[in-house]
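A short reminder: the numbers here are calculations on the coordinates, not readings from a lab. These numbers were taken from a predicted model, which means no experiment stands behind them. FYI the Cβ positions are ideal-geometry reconstructions off the backbone, even for glycines, and counts take in every protein chain you see.
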Number of protein chains: 2
Amino acid sequence: MANSPSGDSSIDRIVRVLETFTIDRTVQTASEIGRHANLPSSTAHRLVDGLVHAGLLERDEEHRVSLGMRLWELALRGSRALRLRQVALPHMERVQARIREHTQLAVLEQDSALFLERLSHPGAGANITRIAGRLPLHASSSGLVLLAHASEEVRERVLAAPLAQVAKETVTDAPALRRLLARVRRDGYVVSPGSVESVSTGVAVPVRDRSGDVIAALSVVLPRDAPTEQAIAELLRASRGIRSDLSEH
Amino acid sequence: MANSPSGDSSIDRIVRVLETFTIDRTVQTASEIGRHANLPSSTAHRLVDGLVHAGLLERDEEHRVSLGMRLWELALRGSRALRLRQVALPHMERVQARIREHTQLAVLEQDSALFLERLSHPGAGANITRIAGRLPLHASSSGLVLLAHASEEVRERVLAAPLAQVAKETVTDAPALRRLLARVRRDGYVVSPGSVESVSTGVAVPVRDRSGDVIAALSVVLPRDAPTEQAIAELLRASRGIRSDLSEH
């Protein structure tokens with residue numbers, strides 16, 4: 001790829017532009033994009049023009065720019081994320097119908113839990129998770145399952161790094177976290193009260209592919225002191241269903 | 001953006017690489033990508049390296065390449081598609097629970113109907129629609145709704161172009177299609193038997209934003225001769241619910 005005088009490639013610059021769009025910032029001017037991406041204004045305008053021309057960004061009549069439907073299409077059409085999510089969705093709907101709380105599917109991505117899907121019952125409680133949002137591996141119940149089953153390399157890297165105190169009860173002590181992860185592997189699920197928000201308890205189980213590798217975590221977010229037995233049973237059942245359906249495709 | 005000797009920009013080349021991934025081709029080698037993107041092998045390998053480095057593509061131990069979770073995240077995180085789909089999902093689930101057939105949400109994108117979501121009841125009939133898949137505007141029930149409410153510019157462009165005979169009953173005569181579109185605008189829904197597949201009937205309604213603009217189409221796919229009244233009523237009700245929820249956000 002062509003490099004700019006500053007040495008970063010076209011791809012890096014495009015990624016920096018796309019990164020400026022977030023769930024709270026879906027529409028921007030080209031100048032704002034330049035500012036948020038820390039790119040010279042002329043570079044930002046030229047890049048935005050090119051990305052609009054390719055359909056990856058869209059520009060409205062007031063010259064405000066948003067992510068394009070074409071980008072969405074290209075990112076999803078051939079993605080394993082979409083396939084996994086499609087297979088998981090009916091099972092997640094069943095969990096949601098029975099437990100009537102938030103039901104979520106997450107994968108391990110760049111040392112965090114990336115949420116592929118979230119179904120939210122109208123009456124469900126607090127939940128900060130968002131689709132395409134991330135949570136730290138050591139804090140969220142999904143993250144704990146993913147971390148417990150991650151490669152040793154990922155696990156040791158996360159355990160060696162500072163462990164953020166997301167909530168008062170987040171386990172941030174590396175030896176304690178190590179013991180917790182061993183327990184998750186042994187039990188086949190995790191119940192994690194107050195580790196993300198003090199008002200809620202996360203319950204998560206691993207989702208395995210046909211060869212038994214853990215490829216995702218399936219979770220529900222319950223009110224803090226709700227019973228967890230039924231949620232664990234429904235999640236384990238859904239996880240088995242997803243594994244079985246993945247093998248068929 | 002830097003141009004290659006052949007005159008296409010880095011963005012175009014990246015899009016060409018991403019376009020090679022489809023629902024039926026989710027894993028490729030860099031050489032295959034080059035062949036499908038019609039790029040010189042050295043260019044393809046360099047591009048793939050850069051895209052893997054940025055996380056937009058992922059490479060497994062066997063050097064096979066797939067779309068990256070990072071691309072999925074960047075494309076969705078700040079997208080209007082995700083927001084619309086999140087608002088629509090509970091309403092779509094209600095339609096699906098009552099009608100027990102495929103329920104779909106589509107938007108107008110580059111002169112076709114692009115499907116943002118599809119919920120499929122386990123016992124539902126045939127349906128060729130796929131998430132992030134497209135159907136011609138004049139053939140699918142969603143497309144007819146979108147075309148009926150498109151700008152005059154889009155509508156005249158589609159009517160002037162050849163209208164593909166997707167199925168035996170697809171309306172491919174421009175004057176007949178024009179009359180059909182007027183009827184869709186008047187009725188507020190469309191019932192479209194056999195226009196995509198002879199065994200099914202599409203039923204679709206427009207979804208409007210708070211200012212009344214049509215931003216999407218909501219549809220169900222029924223067995224060919226199923227009654228349509230309940231589906232129309234449920235779709236209209238869901239469409240009103242989505243509009244109301246969009247206004248709140």
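Please find the FRET efficiency linking residue B:244 to residue B:183, where r is the Cβ-Cβ separation and R0 is fixed at 25 Å, and quote it to the nearest 0.05.
The value I calculate is 0.40.
By how many degrees, 0 to 90 and rounded to 10, does the Cα axis of helix B:80-99 deviate from the longest principal axis of chain B?
Taking the Cα atoms of chain B, the angle to B:80-99 is about 50 degrees.
Place a point 7 Å from Cα of residue B:111 in the direction of its Cβ. Which residues in segment B:167-205 have their backbone N less than 12 Å from it?
Under cut-off, by backbone N: nothing.
With each pseudo-label sitting 7 Å past Cα toward Cβ, what's the residue B:237-residue B:159 distance in nm, one decimal?
3.5 nm
Calculate the tail of P(r) for chain A: the fraction of all Cα-Cα distances greater than 23 Å, expressed in %.
Above the 23 Å cut-off, chain A has 56 percent of its Cα pairs.
Would you kindly work out, in nm and rounded to one decimal, the distances from the label point of residue A:169 to those of the same position in each other copy, ordered shortest first, with label points 7 Å along Cα-to-Cβ?
5.7
Fewest first, what order do A:220, A:190 take by the number of other Cβ atoms within 10 Å?
Fewest to most other Cβ atoms nearby, the residues stand as A:190, A:220.
Counting other beta carbons within 10 Å of each residue's own, what order do A:79, A:142 fall into, fewest first?
Fewest-to-most Cβ neighbours within 10 Å comes out as A:79, A:142.
Could you let me know the centre-to-centre spacing of segment B:230-247 and segment B:102-164, using Cα atoms, in angstrom?
18 Å
Nm distances between the label at residue B:247 and the same-position labels in the remaining copies, 7 Å along Cα→Cβ, shortest first?
Values, ascending and in nm: 5.1.
Listing B:58, B:248 from the residue with the fewest other Cβ atoms within 10 Å to the one with the most, what is the order?
By the 10 Å Cβ count, ascending: B:248, B:58.
What is the mean number of Cβ atoms from other protein chains located within 10 Å of the Cβ atom of each residue in peptide A:63-70, rounded to a whole number?
The shielding value for this peptide is 5.
Just checking the output field for A:23-30: average partner chain Cβ neighbours within 10 Å of each residue's Cβ?
For peptide A:23-30, the averaged partner shielding equals 2.
HN-Hα J couplings of segment A:152-163 from phi, Karplus 6.51/-1.76/1.60, θ = phi - 60°, integer Hz, Gly and Pro as x?
Residue by residue, segment A:152-163 yields 4, 4, 5, 4, 5, 5, 5, 5, 7, 7, x, 9 Hz.
Compactness ratio of segment B:128-249: Cα Rg over 2.2 N^0.38 Å, N = residue count?
Rg over 2.2 N^0.38 Å, computed on Cα atoms: 1.03.
Rounded to the nearest Å, what's the spacing between the alpha carbon centres of segment A:169-198 and segment B:47-84? Just the number, please.
30 Å
Which shape class, rounded, prolate or oblate, goes with segment B:158-227 when its Cα gyration tensor gives a ≥ b ≥ c as root eigenvalues, a/c under 1.5 marks rounded, and past that a/b bigger than b/c marks prolate?
Here segment B:158-227 falls in the oblate category.
For segment A:10-74, what does the alpha-carbon gyration tensor say about shape, rounded, prolate or oblate, given a ≥ b ≥ c as the root eigenvalues, a/c under 1.5 as rounded, and a/b over b/c as prolate?
Because its axes are fairly even, with a/c under 1.5, segment A:10-74 counts as rounded.
Taking a point 7 Å out from Cα toward Cβ as the label site, list the nm distances between residue B:153 and the same residue in every other copy, smallest first.
Spacings between copies for this position, smallest first, are 5.0 nm.
Checking the a/c ratio against 1.5 first, then a/b against b/c, what shape does the Cα gyration tensor give for the protein assembly as shown?
Oblate, because a/c is 1.5 or more while a/b does not exceed b/c.
For the Cα atoms of chain A, what angle does the longest principal axis make with the long axis of helix A:174-187, in degrees from 0 to 90, nearest 10?
For helix A:174-187, the angle is close to 60 degrees.
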